Amino acid sequence: MDIRTLSRKLGLSITTVSRALGGYSDVSDKTRTRVEKFAKKYNYSPNPNASRLASGKSKTVGFIVPLYGLNSNLLNQSSFFEFIAGMNSKIHSEDIQFFMMFANNVEEEIKAYEKLIHVQKVDKIILHNLKTNDYRIKILKKNKIKFVTWGRTKDLKNNSWVDLDNEGSVNLIMKYLIERNHKNIGYINIVENYNFAFQRQQGYIKSLKKNKIKFNKKYYLTVKTEEPEQSASLIKKMLKKNPEITALICSTEYSGVGAIKACKELGKAIGKDISIITFDGPVVETLTSPALTAVRHPRKEMGLKALDMLLDMDKKNYKPQSFLAKPIIIERGTVHKI
């Protein structure tokens with residue numbers, strides 16, 4: 001069923017049918033109801049590309065999932081799909097065209113953004129995995145693409161974003177540990193050119209200062225990859241050289257897996273001899289032994305907020321928005337009191 005056939009069956013002009021289905025106020029409620037009833041009966045829905053051309057408004061959203069770097073592991077990619085799941089009901093209720101693409105390396109990712117912009121004609125994109133200086137923002141601004149970022153960086157003075165409260169999460173973890181009398185606290189981070197890792201580093205350093213604990217560089221470790229074996233080896237060396245460490249904070253769940261392995265190889269009972277706390281995810285929640293105490297964020301809520309912000313950008317007098325997802329601690333028995 002196309003709009004010409006539908007308009008003939010209704011005895012109305014194509015323009016009237018189109019405006020009735022578009023919700024325009026110059027069409028009476030009686031006519032609109034009749035058109036909608038016929039459209040449902042004959043399973044007709046407007047062509048979204050034609051609607052966009054006619055109205056000048058776009059309901060297309062793009063999202064690219066990286067399958068490399070920190071996200072080369074399949075389990076790490078689950079956070080993206082949890083985020084997208086939060087948008088699901090609105091994507092359907094608002095008849096949004098959602099384009100999701102995958103990239104195996106940086107070159108593919110750049111080409112994917114170019115395809116979304118120039119081939120699919122997407123004018124709204126959700127950007128994620130932000131670097132402290134992110135080249136993709138320049139691409140989007142150059143092409144006048146409306147975007148919301150999952151994460152923050154230096155270039156976002158007048159842009160909308162959603163994010164985990166990274167500094168706040170580490171502050172919460174530090175408070176949780178210090179209340180249990182831990183002072184010799186080790187921190188395992190991923191490379192700090194990822195902005196979330198930099199923010200978590202700052203949270204750790206500021207929390208130490210706030211609680212009048214001197215920063216000890218021997219207690220701070222940066223791991224370049226999400227390989228538990230590499231993390232385990234480095235953590236094992238750190239604990240051997242600094243046996244007074246009583247607690248470990250892991251910035252990613254894979255370093256949490258490495259911490260478990262290191263402690264077991266050193267004969268340290270987790271939750272008794274040493275404490276481990278990490279950021280939550282499917283690995284530490286269901287696959288590690290023991291399951292680790294962790295800080296958790298509402299990723300589905302972040303996804304919905306990001307989509308709401310994108311759609312609001314079509315409104316007049318739109319002002320940039322932000323949403324910081326608040327963390328909670330999930331206790332699983334791997335943090336002890338001294």
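Data overview
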| item | result |
| --- | --- |
| Hits in the range 188-216 - residues which are touching a Leu at 6+ places or on another chain (Cβ under 8 Å) and not in a helix (DSSP H, G or I) | Ile188, Asn189, Ile190, Tyr194, Lys214, Phe215 |
| Criterion (of a type outside the set (S, T, N, Q), assigned by TED's automatic domain parsing to the domain that holds Lys218 and open to solvent by 40 Å² or more (accessible area, probe 1.4 Å)) met by exactly one of Ile190, Ile178, Ile185, Ile173 | Ile178 |
| Matching option when the condition is at pLDDT below 90 and of a type in the set (Lys, Arg), among Lys268, Lys316 | Lys316 |
| Cβ-Cβ under 6 Å pairs, at least 6 apart or on other chains, the range 15-31 side free of Cβ contacts under 8 Å to residues at least 24 places away in the same chain and in a helix (DSSP H, G or I), far side open to solvent by less than 50 Å² (accessible area, probe 1.4 Å) and of a type in the set (Gly, Ala, Ser) | Val17/Ser7; Thr31/Ala20 |
| Residue within the range 235-249 that is under 24 Å from the mean Cα position of the chain (by Cα), under 17 Å from Asp273 (Cβ atoms) and β-branched (Val, Ile, Thr) present | yes |
| Cβ pairs under 7 Å, 6+ apart, first in the range 117-130 and assigned to a loop (DSSP other than H, G, I, E, B), second among the aromatic types (Phe, Trp, Tyr) | Gln120/Phe99; Val122/Phe99 |
| Residue pairs meeting the criteria (Cβ under 8 Å; at least 6 apart or on separate chains; first closer than 23 Å to Ser289 by Cβ, in the range 219-237; second of a type in the set (Asp, Glu) and in a helix (DSSP H, G or I)) | Ala232/Glu265; Lys236/Glu265 |
| Filter result for the condition that a residue is open to solvent by less than 50 Å² (accessible area, probe 1.4 Å) and on the phi > 0 side of the Ramachandran plot, over Asn129, Asn159 | Asn129 |
| Residue in the range 64-78 that is open to solvent by less than 40 Å² (accessible area, probe 1.4 Å) and in contact with a Lys or Arg (Cβ under 7 Å, 6 or more places away or on another chain) present | no |
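The values are calculated or read from the model by the stated rules, or taken from the named source; none is laboratory data. Here the structure is a predicted model, which means the values were calculated and not measured. FYI the Cβ positions are ideal-geometry reconstructions off the backbone, even for glycines, and counts take in every protein chain you see. Remember, those area values only see protein heavy atoms, side chains included, never the ligands or the DNA or RNA. Shrake-Rupley method; radii C 1.70, N 1.55, O 1.52, S 1.80 Å.
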